[in-house]
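Structure, as structure tokens:
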Amino acid sequence: MKRLFIILGVIAIALWFLTPIFFIIVASLTTTSDYYNPKVIIPSRFTFEHLYKLFFTLGGLKATLTSVQVAAISIGISFLIGLPAGYAFTRYIFPGKNAIRLILLLTRSIPLIVIAVPLVILYLKLNLADSMIGVALAHASMIIPFVVLITSSIFSSVSVEYEEAGMVFGLTRFQAFVRITLPLAIPGLAASAIFAFIMSWNEVFAASILTISNRTLPAHILSTAMASPDYFKFAAGTVMALPAMVFIFFIRKYLITMWGISLK
Amino acid sequence: MPTSVFQRGTTVSRSKLIPFLLILPTVAYLGILMGYPLVENVRLAFSNPAGALENFRSLVSTKEFWQTLTNTLLLTVFIVPLQLILALALALFINKKFRGYTFVLYLITIPLALSDITASLMSYSIFAPSGYFNKILINLGILERPMYFFGYFFKERAFWIVVLTEVWRATPLVFVILLAGLQSINKEYLEAADVFGFSKWKKFTKITLPLLKPTIMSALLIRTIFAFQIFGVVWLLAGRDITVLAGETYYWYVFMNNPNMASAYALIIALVTFVFSAIYIFALRSKHLEEGVGT
């Protein structure tokens, strides 16, 4: 009886979460005539035509590359700036620590929606309007608080005694960090970089407001989807979904912890 | 000789400046790219040649504004409780830790990786006129011709599709919070209840639920904050047939080229966010901060 309940529960959960993903992938591979024929549910043959057209005729490839570049730049900036702060939060006691932590938590909740419009005006002055760097800078401001909080939690899991031992043998504090703590923290850092990638890959509002020609993939979809035929929408959705799902599979072990931190 | 003396994992450094130097880039970056735009947003919202409050006066005088506010509130009112109930059920189910539960856990967390854009395209593949909902029902002979869910004349149906999509996409977010809360409940309470012969239902209502209350509160607040920022799902599925605060910000900036009105809408989102975040951080997290547990 209890076993049956669990099996039914698992089936219901699998159906609920997998059906939409299954349908959009099938839809993106269905031929136009099969899609518009109400009698056909599972198509007789699959086609890559829509994906091909999305990439090469409708600017999908350029948008995808822009998205990847924006994500890469914003991850780079976020770690460069946020990682030292994360280290400071774990290893040092200093006045104002709790206040700064509180401010970080507050900035976590400021949506890009609120800062996007003033950012365009700032970017116009700085000659960053409609640029990849501009979007990456905005995404970094969303990712940095997350990086600070998560790296501080990662570093605190690496015992300070290892660093001390290194310093006893004549390493400076910085050397001890680079040679001892950093290598031990790499798996966690890699997982958080992937998580940061997904944050940037999925962000649509700021990317849409800040660019006109250099649009990221979600921004491109948002501005063109309404005017596109259905099968291009599904192709776009599939292209958005697949990398995110693959990446999340690799970091599934860390996922719950990371969402815990990103929501705090 | 090392320059510092370690005490229980922290240092009393000779140079007290180091931690501040390490934090300075973060503070400076967020000051320039978040603090400044935030202040600028307030300035934009209140600047109008006709007077500081003119933007808000014209905002309030439009019919769309009240509709927008109502829509955003209605979406919040329907989405958040549904998510909470579903997420609680999922969390209680996973917390049974049956064989293979980690696989199910992975299934539930998939939507966390998907953007609102992707999720709405997925639900469009189901509810489009030629979508799978119609295909399947027509093939089963239940429907004669396709049922329409989108477009100006069907905005009530579109509303429910938006609710469904948001529930699908963001329930896992609530689930993650609730599961963490469930796992932190001390098993001894439940064991004690077993000793006293409590029924399952009684254990749930008298022990689990009261102990989970703070977690539920924070999940509610976080979801409410996000619900007020709803944009992608509504914009893709209903356009301006269903207006929401973030959608209007986008509309006024991109289509009407009016940063002031856009900022006025954004300011409302910011205020709601701030009030709820402040409640969250000070009322629910203050205890953790005092203990220095923080993250």
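Quick one: of B:135/B:155; A:53/A:253; A:97/B:202; A:39/B:96, which pairs are farther than 32 Å apart, Cα to Cα?
A:53/A:253; A:97/B:202; A:39/B:96
Would you calculate a helix-derived [θ] at 222 nm for chain A, using -39,500 (n - 2.57) for each DSSP H run of n ≥ 4 and dividing by the full residue count, to the nearest 500?
Value at 222 nm, helices only: -25500 deg cm²/dmol.
Among B:92, B:178, B:153, which residue has its Cα furthest toward the positive end of the charge dipole of region B:67-286, with +1 on Lys/Arg Cβ and -1 on Asp/Glu Cβ?
My answer, from the dipole projection, is B:92.
How do B:122, B:261 rank when sorted from fewest to most other Cβ atoms within 10 Å of their own Cβ?
Fewest-to-most Cβ neighbours within 10 Å comes out as B:261, B:122.
For the pair residue B:102 and residue B:213, how long in nm is the line joining their label points, each one 7 Å along Cα→Cβ?
Between residue B:102 and residue B:213, the simple spin-label model gives 3.6 nm.
Can you give the net charge of the other residues whose Cβ lies under 13 Å from the Cβ of residue B:146, counting K and R as +1 and D and E as -1?
Residues close to residue B:146 contribute a combined charge of +2.
Quantify how strongly other chains surround peptide A:11-17 by giving the mean number of their Cβ atoms within 10 Å of each of its Cβ atoms.
Per residue, the number of nearby Cβ atoms from other chains is 4 on average.
Take the Cα gyration tensor of the protein assembly as shown, multiply each eigenvalue by 5, square-root it, and list the three semi-axes largest first, rounded to whole angstrom.
Here the semi-axes work out to 39, 31, 25 Å.
Please list the helices of chain B that count as membrane-span-like by this rule: a mean Kyte-Doolittle hydropathy of at least 1.0 together with Cα atoms stretching 18 Å or more along the helix axis, each helix being a complete DSSP H run.
The qualifying helices are B:17-30, B:63-94, B:155-183, B:209-227, B:259-278.
Multiplying the sequence separation of residue B:66 and residue B:20 by 0.36 nm and subtracting their Cα-Cα distance, what value in nm do you get?
Value of the extension gain: 11.9 nm.
What residue among A:213, B:192, B:112 has its Cα farthest toward the positive end of the dipole of the protein assembly as shown, where the charges are +1 on Lys, Arg and -1 on Asp, Glu, each on the Cβ?
B:192
Checking a compactness column here: for region B:227-269, what do you get for Rg(Cα) / (2.2 N^0.38 Å), N being the number of residues?
Dividing the Cα Rg of region B:227-269 by 2.2 N^0.38 Å gives 1.05.
Using the Cα centre of region B:67-286 as the reference point, and only Cβ charges (+1 on K/R, -1 on D/E), how large is the resulting charge dipole? Debye, rounded to the nearest 20.
For region B:67-286, the charge dipole is close to 640 debye.
Helix check for chain A. Which DSSP H runs span at least 24 Å along their own axis by Cα, with a mean Kyte-Doolittle hydropathy no less than -1.0?
Length and hydropathy pass: A:2-28, A:60-91, A:132-156, A:182-202, A:230-250.
Can you tell me the dipole magnitude for chain A around its Cα centre, using point charges on the Cβ only (Lys, Arg +1; Asp, Glu -1), in Debye to the nearest 20?
Value, rounded to 20: 380 debye.
What is the average number of partner chain Cβ atoms found within 10 Å of a Cβ in A:143-153?
Mean shielding by partner chains, rounded to a whole number: 2.
What average number of partner chain Cβ atoms lie no more than 10 Å from the Cβ of the residues making up B:266-278?
Across the residues of B:266-278, the mean count of other-chain Cβ atoms within 10 Å is 3.
Can you bin chain B into rounded, prolate or oblate? Criterion: square roots of the alpha carbon gyration tensor eigenvalues sorted a ≥ b ≥ c, rounded for a/c under 1.5, prolate for a/b above b/c, oblate for the rest.
Taking the square roots of the gyration eigenvalues as a ≥ b ≥ c, chain B is oblate.
We did not get these values from a lab; they are worked out from the coordinates using the rules stated. Computed from a predicted model, the values in this text were never measured in an experiment. Neighbour counts are summed over all protein chains in view; Cβ atoms, including those assigned to glycine, are modelled from backbone coordinates with ideal geometry.
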